[in-house]
Amino acid sequence: MAFPISAQSPIEHSAELPRTADAVVIGGGIIGVMTAWELAKAGLKPVLLEKGRIAGEQSSRNWGWIRAQGRDLSEIPIMLEAQKMWGDLDKQVGGVGLATTGTLFMAAKDEDMAGYQDWLDFAAPYQLSSKLLSAHDLADLIPQANARWAGALYTPNDLRAEPWVAVPTLARAAVEEGVTIIENCAVRMLDLEAGKVTGVITEKGRIKAPQVALAGGAWSSLMLRRHGVSIPQLSVRATVAATDVLPEVVSDSGVDDRIAWRRRADGGYSLAPSGFHELFVGPDAFRAALGFLPQLIQDPLGTRYLPSAPKGFPDAWGTKRRWSATEQSPFEQMRILNPEPNARKVTKLARDFADTFPTLGKVKIKEAWAGMIDVMPDVVPVVDTCAALPGLTICTGMCGHGFGIGPAFGRITAKLMQGKETGHDLSRFRLSRFSDGSKLVLGPNL
């Protein structure tokens, strides 16, 4: 099993750049792959362009949870569609590591349980399997845990998969369906005529296409700003570690006030620090500061601030904001966004997991990595057509929740590109919410 994909990973998709396409998708993560596949299923001939490798960034670096639990209410019906899609995809392509294991949000105190009950009340119309567990229930469910929790929110029907396996597998299936994928091919800019999108200009040449989707994750804001469209998107560093093979002490994915975990298909656990992210302060952080103020007030200690991003990062001080079609773009200067993990947190993860499950003894970390999570002020993505640039559809800002919901948002993006009904109310995800004077709302999302 290969852990997060790197720029040294072999190029798997190296088709010739076509001159025309029915649609172009920018970005080879879960959203981009599924958008392109859905377009191909509809009979179109799409081209997916990835500056580095398929799933090279957050789509191979996430926790692997496929959860309905704790989501913003507007995401729940889309997530339920995604969970069904994951089951269908697993049957169709196999090898994605899909398992039904449930999700546990542990409560450190009774006030946390009250918050979980509030979310349950809000989510009741969707008839999820979610329920509250008492401390006694938890002791029965996880007898090997060093119990310290007041209880938990539990959704036994949630799923998990192996991100670095699943997304490349889906990409191969998309190619078989008729998608052209080209890795190591950065889109420098959109091709515009009379204010409308007519394709893209890449480092390898131009592709004419009437529809373009931007699913660029942490790079989306940089591309949009180059074309005069501003979104308050920031990226935070999140550290993950993988243990060696361990006895199974808990099968459900879980998180408490110290640590998050997921059992992997190879017999180890993926671990992450709970509620901890690191923001490299750059120009976009200053531009978006006011919009993120409600988040900062709600969670003042959850983010560590660092004075500057490494060279080449999307919001680094030296990253170019303007470039021409003939110049090398920032997307070529950093093929894969590969931040260093927080070494101190990795060491603490091993200690905390061993403390939580003392029968394991000393926990050994096999590998650690980090990813850059693209976040929005109201913790929900932008999924919308772009009125300022007709022909462009945007699906970005997944806020760390994109892997699980990715198949459904890919389907929705493909439908938006075709002018079809999506079957969902997307008003919560509209692009204009940042400029139409409406108040951004932090929903009951956990």
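The values are calculated or read from the model by the stated rules, or taken from the named source; none is laboratory data. Everything numeric here is computed off the predicted structure, so don't read it as measured data. Cβ atoms come from the backbone with ideal geometry, glycine included; neighbour counts cover every protein chain shown. For accessibility, only protein heavy atoms count, side chains too; no ligands or nucleic acids. Shrake-Rupley method; radii C 1.70, N 1.55, O 1.52, S 1.80 Å.
At-a-glance table
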{"read-out": "Unique match (being assigned to a helix (DSSP H, G or I), within 30 Å of A186 (Cβ to Cβ), at pLDDT 95 or above and of a type in the set (A, V, I, L, M)) among I78, I54", "value": "I78"}
{"read-out": "Selection count, the range 1-32, where residues are of a type in the set (V, I, T) and over 27 Å from K366 (Cβ atoms)", "value": "5"}
{"read-out": "Matching residues in the range 190-211 - criterion: being outside any loop (DSSP other than H, G, I, E, B), open to solvent by less than 50 Å² (accessible area, probe 1.4 Å), more than 21 Å from E57 (Cβ to Cβ) and not polar (S, T, N, Q)", "value": "D191, V197, G199, I201, G205, I207"}
{"read-out": "Residue match in the range 414-421 (condition: out of contact with any strand residue (DSSP E or B) (no Cβ under 6 Å at 6 or more places or on another chain) and open to solvent by less than 20 Å² (accessible area, probe 1.4 Å))", "value": "yes"}
{"read-out": "Odd one out for A108, checked against (1) open to solvent by less than 40 Å² (accessible area, probe 1.4 Å); (2) out of contact with any Pro (no Cβ under 6 Å at 6 or more places or on another chain)", "value": "(1)"}
{"read-out": "Condition check for A147: free of Cβ contacts under 8 Å to residues at least 24 places away in the same chain, farther than 30 Å from L224 by Cα, open to solvent by 30 Å² or more (accessible area, probe 1.4 Å) and touching a helix residue (DSSP H, G or I) at 6+ places or on another chain (Cβ under 8 Å)", "value": "yes"}
{"read-out": "Output for the range 347-363, where each listed residue is under 16 Å from D256 (Cβ atoms) and among the polar types (S, T, N, Q)", "value": "T356"}
{"read-out": "Criterion violated by L120 - all others in (1) of a type outside the set (S, T, Y); (2) assigned to a helix (DSSP H, G or I); (3) within 27 Å of E248 (Cβ to Cβ) satisfied", "value": "(3)"}
{"read-out": "Complete set of residues in the range 153-189 that are among the hydroxyl-bearing types (S, T, Y) and open to solvent by less than 10 Å² (accessible area, probe 1.4 Å)", "value": "T155"}
{"read-out": "Contacts under 8 angstrom Cβ, first residue in the range 375-388 being over 12 Å from Q295 (Cβ atoms) and open to solvent by 30 Å² or more (accessible area, probe 1.4 Å), partner of a type in the set (F, W, Y) and at pLDDT 95 or above, 6 or more apart", "value": "D384/F429"}
{"read-out": "Residue match in the range 343-353 (condition: in contact with a helix residue (DSSP H, G or I) (Cβ under 7 Å, 6 or more places away or on another chain) and open to solvent by 80 Å² or more (accessible area, probe 1.4 Å))", "value": "no"}
{"read-out": "Condition check for A215: modelled with pLDDT of 95 or more, under 30 Å from E367 (Cα atoms) and either over 18 Å from the mean Cα position of the chain (by Cα) or surrounded by 17 or more Cβ atoms within 10 Å (Cβ to Cβ) (or both)", "value": "yes"}
{"read-out": "Flag if R237 is open to solvent by 20 Å² or more (accessible area, probe 1.4 Å), among the basic types (K, R) and within 21 Å of the chain's Cα centre (by Cα)", "value": "yes"}
{"read-out": "Matching residues in the range 414-440 - criterion: being within 25 Å of L89 (Cβ to Cβ) and either touching a Leu at 6+ places or on another chain (Cβ under 9 Å) or modelled with pLDDT under 95 (or both)", "value": "A414, L416, M417, Q418, T422, L426"}
{"read-out": "Qualifying residue in the range 347-364 (condition: in contact with a Phe, Trp or Tyr (Cβ under 7 Å, 6 or more places away or on another chain) and charged (D, E, K, R))", "value": "no"}
{"read-out": "Residue count for the range 358-396, restricted to those that are hydrophobic (A, V, I, L, M, F, W, C) and in a helix (DSSP H, G or I)", "value": "1"}
{"read-out": "R225, sole failed condition from (1) outside any loop (DSSP other than H, G, I, E, B); (2) more than 23 Å from the chain's Cα centre (by Cα)", "value": "(2)"}
{"read-out": "Lone unmet requirement of (1) in contact (Cβ under 8 Å) with a residue 60 or more places away in the chain; (2) more than 30 Å from L141 (Cβ to Cβ); (3) open to solvent by 40 Å² or more (accessible area, probe 1.4 Å) for D257", "value": "(2)"}
{"read-out": "Residue count, the range 325-357 (criterion: part of a loop (DSSP other than H, G, I, E, B), more than 19 Å from I5 (Cα to Cα) and in contact (Cβ under 8 Å) with a residue 24 or more places away in the chain)", "value": "5"}
